[in-house]
Structure formats: C-alpha cells, structure tokens
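Below is the structure I would like to discuss, written out as structure tokens.
No value in this document is a laboratory result; all are computed from the given coordinates. These figures come from a predicted structure and were not determined experimentally. Here the Cβ positions follow ideal geometry from the backbone for every residue, glycine too, while neighbour counts run over all protein chains shown.
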C-alpha cells in the first residue's frame, strides 16, 4: 500500500485486481471504447505520416484499402487472413474447453494418481510459453498421415489449432478446478448427507453452480487466445499477419507502409475482441451480485 | 443380529476422535432410543458438532463404535449411502442448493437417490413444504428466502428421505433472533410426531422444554447428563454449573 493518501483508492484497485488475477490465473482483457478511439486516431496519424513520406507514389490509404479484403478474408473462396484467425481461435477454444474441463475435473478427483497426473499436465502446459508449444506441435506433427490407403493431409492451420488448444486446455482446467473448490464445502456435505453419490453431486449440484462462475474467465481466455493467434504467422500459417506481410512485400516493401498496415491490424483485432471483453465484464458483474 | 425397537436407535460407545494432534472426542458413550429427543450442549470447541457428524459418517472416528439401528457406522464395508438414507442431517448454514427452487431442493434426493416416482415425490414434497409452513414459497429460490425459511426448507429436504433419525447441528445459530422461533417450532412438531432427534444446540429454553435427555460435553468428554429437570435445576459438576450460570 502507499503512504500517500491520495493514492489509496488506486492502490486498493491494484490490490483487488491482483487478487482476482491470482484467482483466475490470467490478466483480464480489459478493453475500453477509448482504446479503440485512440487506435483509429493512431491509424489516421500514421497514414498522414506515410502520405508525407511517400512522395508522389500511390497514397497509403488507397494501398491499404486495396489490400483490406486480402488481409481480412484472403484469396477468393478460401478461409484465410483474419477469418482464419477467428477459425483457429474457435477450434482451439472448442478443443481446449472440452479437454480442459475433463482435466479440471480430474484435478478434483478422489484418486491421488488421477489428481496428481492431471495437476502435472495442467501446470506443465499452463506455465509453458505459448510460442514454444506452438513450434513444438507444428514441427512435430507430420504434414499428412496415412491410414490404410487414404492419406489425410494435416494443414498448417490445423496444427496451429492443436498447438493453441494445449495452453487453453491447461488454463480452462484451472478455471474448472478453481470454480469447483470455490464452492462452500457445505454443498458437498449436504449432498453427501442426502446420500447423493459423488458423481451425482458433481453433476447435479456442484457443476451447475460452477457454470456461472466459469463463464467470465472462460470468455477472458477466449479473448487472450484470439489475440495470440497471430503467433502462428511465424510458422507461415496464412492468417492476417502473414498476409499483411505478403501485402507489404507485394507493394515493394515501402517502409512507410509498415505502421499503417500494422495499426490497421490492431484496429481489426480491437473490433473483434472489444465486444467480447465488455460482455465478459458485464457477466462478471451480474454473477458476482447473484452468488 | 436383527435390530428391533427395544434396542438403541443410535448407540455411541467409547468414541475417540482427533484432528491431527487435537483430541476432540475422548471416550464418549451414550444411547438414543427410538422416538427419543436428546440435546447435546456445551461450550464451543467441546466436540459436540464433531460427535453428531460422526453419527452419519461425515467425520470418521479413531476408535470406539457408533451404531445406527444396530449397524456399525464406521465399518469400512458399510454402504454409506444406505446409512445416510436412514439418518437425516440439518446444518447450521442450511446448505440448500442455491440453483434449485425450494420444492426442487426437497424433491431432488428422493427422485435421484431413492429413484422414486416423480409424481409421488412431488405430492410428498408439497406436503412437507406445507408441514414446515412455507406454503406459497415452493417456487422461490433459496436466495429469496430468509434464514429461517431456508432452514425450514432444509428440514423438509431431509424429511423427504424419510429418515429414522434426524441430526440437527446448531441449526438456529446462524439465524436472526426473530426467525429462531419458527425453526424451533418445526423441530418441536417433528419431535411430537415421534421422530428420533439428536440436537446440538445453544437454545437452553428449547432444550429444557423438548429434550428427553441432555448431554453436557466439555473438552471431548460428557461431563454430566440427565433429564432436563434434573440437569438444569440440580447440576452437580462444577463445569456444568459454570456453563449454565454463564448461559442462563
């Protein structure tokens, strides 16, 4: 805490945030509308600067507008560019949630080996750098697998989905475990004294109460994941950052285009993630009042 | 060895229980007959809640024996679920399921544990809600009910399992004074119906009026016991006297 009384309220806020982040195991994607306004203003500024530096070539704005469909959707008839970021995040979240929920329940198992095993898996993937996991998975998996006579190709974006689903899985596992153990022990005891089996207790009494608590951190993890998807551009997955770079080199590598293109990407990500972040905060408030 | 009603409903013999180094129960013994109402009183930390929780195996014991209807509770081979169908328990913090309405709270265990017919259970649940005087609150969620109302739903929820013994663990301790009465009335009616009841309580007036037998525990042992009249008016042990002088 601070010695300066004027700082006390913000010190209290910091303390509060730190407590919540320890509980949720993640920073909260806390986007405000003015962040977007600043981004759009920044885009205008960098475009202006590029215009001034571009001496008589095609205007940066026109170039950017020209490439926008490519960055957003990729080539005609393909899911590429930013739409691929969304697809990767969607499937990684789906796999991460399903496997992570199972792993989280294993973490509260009564069987010691199950509990320990799932704890180790959870901690390993939760505390590994996302990029390293992504590299490992993308380089380890073959580009195709053969089952009998059929050859099933594994495209890069599928590998990326698997690579991203691992840290998501581990963090969802923690969210589930945290929600289950945060319920008062009286719920378990009263269910026990009514002769419910452990499975019935979990399924009918504990989990339904946990869902509400899990939704805000779960959505927050989705926002974090969606922001992390450009990592796979390093491995050449044809998502928005890869295509932004391709677009810029197609324009002959004009250095003044760098800032406008990347700030444009930031704006796109903001537009996608801002509503999710706001909704998360709203749900969090709603549920924290209720329970 | 079949159990019949001439034998104790609950029999506690020389029970020891410790949490780590802390000895909570140091050789407690007593019997509870069918239709008997007993109250366990004593200072906080004297082991009375632990004792009552051992009766339905929520806590384990280190040595000794507890039987319910002749069945050893702490036999590792015992089907705990079978035991808990016979022993109902009500807690200090009510512990209702907050995501279910009052009537659903009452109906859940009979439907899912006893696998009884839903329509039949529903009829019984409405009757129980009526019995605890909560008509009209069937579809309220626990969060919408007062402490006393929640506690009465908890009692109805326990009764829906048709237990033979009811355990009450300081069920009025968390309530506002004005709602204590309504819960006590419910328990009193239950006792008058012939339910075997074991209560841990701080309500001395209630214990005196309702109990057939009072047990006073201090530091893990039963210091003194007797019917209410003798116990309250003619206590022998200095520890009992001191406790009663503080509380009455």
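Sort A:37-49, B:104-116 by the packing proxy (mean of other Cβ within 10 Å over each peptide's residues), most packed first.
Final packing ranking: B:104-116, A:37-49.
Same structure, new question: Once both axes come from the Cα atoms, what is the angle between helix A:112-126 and the longest principal axis of chain A, in degrees from 0 to 90, rounded to 10?
On a 0 to 90 degree scale, this one is about 20.
Where a ≥ b ≥ c are the square roots of the eigenvalues of the C-alpha gyration tensor, would you call segment A:17-175 rounded, which needs a/c under 1.5, or, failing that, prolate if a/b is larger than b/c, or oblate?
oblate
Within 10 Å of each Cβ in B:83-92, how many Cβ atoms from other chains are there, averaged over the peptide?
What the average comes to for B:83-92 is 3.
What is the Cα coordinate range of chain A on the first, second and third principal axes, sorted by size from largest, in whole angstrom?
Result for chain A: principal-axis Cα extents of 81, 72, 30 Å.
Still on this structure: What FRET efficiency, computed as 1/(1 + (r/R0)^6) with R0 = 22 Å and r the Cβ-Cβ distance, is obtained for residue A:266 and residue A:58, rounded to the nearest 0.05?
After rounding to 0.05, the efficiency reads 0.45.
Could you work out the mean count of beta carbons from other protein chains within 10 Å of each residue's beta carbon in B:98-109?
3
Considering the alpha-carbon set of segment A:82-237 alone, what are its Rg and its Dmax in angstrom?
Final numbers for Rg and Dmax: 18.1, 57 Å.
Taking every pair of Cα atoms in the protein assembly as shown, average 1/r, invert it to obtain the Kirkwood radius, and report Rg/Rh to two decimals.
Expressed as Rg/Rh, it is 1.14.
If each DSSP helix of 4+ residues adds -39,500 (n - 2.57) and the sum is divided by the residues in chain A, what number results at 222 nm, nearest 500 deg cm²/dmol?
-24000 deg cm²/dmol
Tell me, what is the percent relative contact order of chain B, built from C-alpha pairs under 8 Å that lie six or more residues apart?
Relative contact order for chain B comes out at 26 percent.
Rounded to the nearest 10 degrees, what's the angle between the helix A:33-53 long axis and the longest principal axis of chain A, both from Cα atoms, 0 to 90?
Between helix and principal axis, roughly 20 degrees.
Also, I was wondering about something else. Debye calculation, C-alpha points only, no solvent: report log10 I(q)/I(0) for segment B:76-132 at q = 0.22, 0.26, 0.31 Å⁻¹, in the same order as the q values.
-1.02, -1.22, -1.29
In units of 2.2 N^0.38 Å, what is the alpha-carbon radius of gyration of chain B?
1.01
Next up: Could you give the angle, 0 to 90 degrees to the nearest 10, between helix A:156-182's Cα long axis and the longest principal axis of the Cα atoms of chain A?
30 degrees
Counting pairwise Cα distances across segment B:1-138, what percent come out greater than 19 angstrom?
Looking at segment B:1-138, the distances longer than 19 Å represent 61 percent of pairs.
Per residue, what volume in Å³ does the convex hull of the Cα atoms of segment B:119-213 enclose?
With only Cα atoms used, segment B:119-213 gives 98 Å³ per residue.
By its C-alpha gyration tensor, with a ≥ b ≥ c as the square roots of the eigenvalues, how is segment B:178-248 shaped: rounded for a/c under 1.5, else prolate for a/b larger than b/c, else oblate?
Verdict is prolate for segment B:178-248.
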